[in-house]
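> Below is a structure I'd like to ask you about.
What follows is calculated from the coordinates using simple rules that are stated; it is not laboratory data. Just so we're clear, the structure is a prediction, and the values are computed from it rather than from any experiment. A quick note on method: Cβ atoms are made from the backbone with ideal geometry, for glycine too, and the neighbour counts reach across all protein chains shown.
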Amino acid sequence: MAGKVNVCDHPLIQDKLAALRDKHTRPQEFRHLMEETAFLMTYEVLRGVRTRKTMVQTPLRSASAEFVAQPVAAVAVLRAGLGLLAGLTRVVPEARIGHIGLYRNEETLNPVRYYVRLPKDIGECFTVLCDPMLATGGSAVEAIHILKTDGARQIVLMSLLAARSGIKRIQEAHPDVSIFVAAIDPILNKSGYIVPGLGDAGDRLFAT
Ligand code: PRP
Ligand code: URA
């Protein structure tokens, strides 16, 4: 069965996405908006984290309670995935952080790997792969392959925007991975950009 696609359509998230799409939004604001969007999305993205049921004593009596019982790993696909990390780590400051360096070859659109550094205990972690743009899906499929090769067993993808073709490609290659996005856009243009999209996320984030 294909991994679930979750569209985080809360009005607060959609409000920030609208400003992220706007071509007049400057890099400083774009960075802040991406952090805020990730902060809001993290609640849904981490819904599947393992918990432990227990009892606590309130000042009045004992109460059943639930704690998060699994470490969280946040892995950014460089460069643009870095923009999502700050929001996630505000919610989970103790998260382990990993980095996967990939860029798309401009002609073939195939991902080219240039850096990988992942948390040692990733096999135990609830792993959130952070990449704001899911276009052809090539980068995310490769990043998930890298995570699994390193031992990750429970992986979800947090993106801002996805094209249907990218979602399909992940569902075919990694049906166990659930996808969380703020919106799904209809098409890719000839250069592999999501349309209407928000442009080049890395360039807008880092003013390059
Ligand atoms: C962007 C984006 C994704 C990738 C998505 O990265 O951040 O990683 O493209 O495209 P795909 O689904 O077709 O693979 P890019 O290659 O532009 O690198 P950058 O973040 O360093 O600019
Ligand atoms: N990468 C981006 O940054 N934007 C797109 O629309 C597609 C890939």
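> Taking amide hydrogens as modeled 1.01 Å from N in the peptide plane, which residues meet the under 5 Å criterion relative to L78, leaving out close sequence neighbours?
Here I100, G101, L102 satisfy the definition.
> Next up: Students often get this wrong, so check it: of K23/K120; K120/K190; K23/K148; K4/K120; K53/K148; K53/K120, which have C-alpha atoms separated by over 32 Å?
From K23/K120; K120/K190; K23/K148; K4/K120; K53/K148; K53/K120, over 32 Å: K23/K120; K120/K190; K23/K148.
> Looking at segment 5-206 only, what percent of DSSP beta bridges run antiparallel? Nearest 5 please.
Roughly 35 percent of the beta bridges in segment 5-206 run antiparallel, per DSSP.
> Considering every pair of different Cα atoms, what Kirkwood radius, in Å, is found for segment 5-206?
Its Kirkwood hydrodynamic radius stands at 17.3 Å.
> Using a cut-off of 15 Å between beta-carbons, work out the net charge of the residues near L85 (Lys and Arg +1, Asp and Glu -1, L85 not included).
+1
> On to the next question. First select every other residue whose beta carbon is under 15 angstrom from the beta carbon of E142; then total the charges, Lys and Arg +1, Asp and Glu -1.
+1
> Testing the spin-label approximation: label points 7 Å from Cα along Cα→Cβ at A65 and A173. State their distance in nm.
Spacing of the two 7 Å Cα→Cβ label points: 4.3 nm.
> A further question on this structure: Per residue of segment 181-191, in order, report the coupling 6.51 cos²θ - 1.76 cosθ + 1.60 (Karplus, θ = phi - 60°) as ³J(HN,Hα) in whole Hz, putting x for Gly and Pro.
Calculated HN-Hα couplings, in order: 9, 8, 6, 10, 9, x, 9, 10, 8, 4, 8 Hz.
> Is any residue of segment 124-147 close enough, with backbone N under 17 Å, to a label point placed 7 angstrom from the Cα of D203 along the Cα-Cβ axis, and if so, which?
Residues 132-136 fall inside that zone.
> When the chain is fully extended, how far beyond the present Cα-Cα distance does M55 get from A2, taking 0.36 nm per residue of separation?
Gain in length upon complete extension: 15.4 nm.
> Something else now. For I122, I97, I194, what ranking results if the residue with the fewest other Cβ atoms within 10 Å of its Cβ goes first?
Sorted ascending by nearby Cβ count, the order is I97, I122, I194.
> In addition: When Lys and Arg each count +1 and Asp and Glu each count -1, what net charge do the other residues less than 14 Å away from S191, Cβ to Cβ, add up to?
-2
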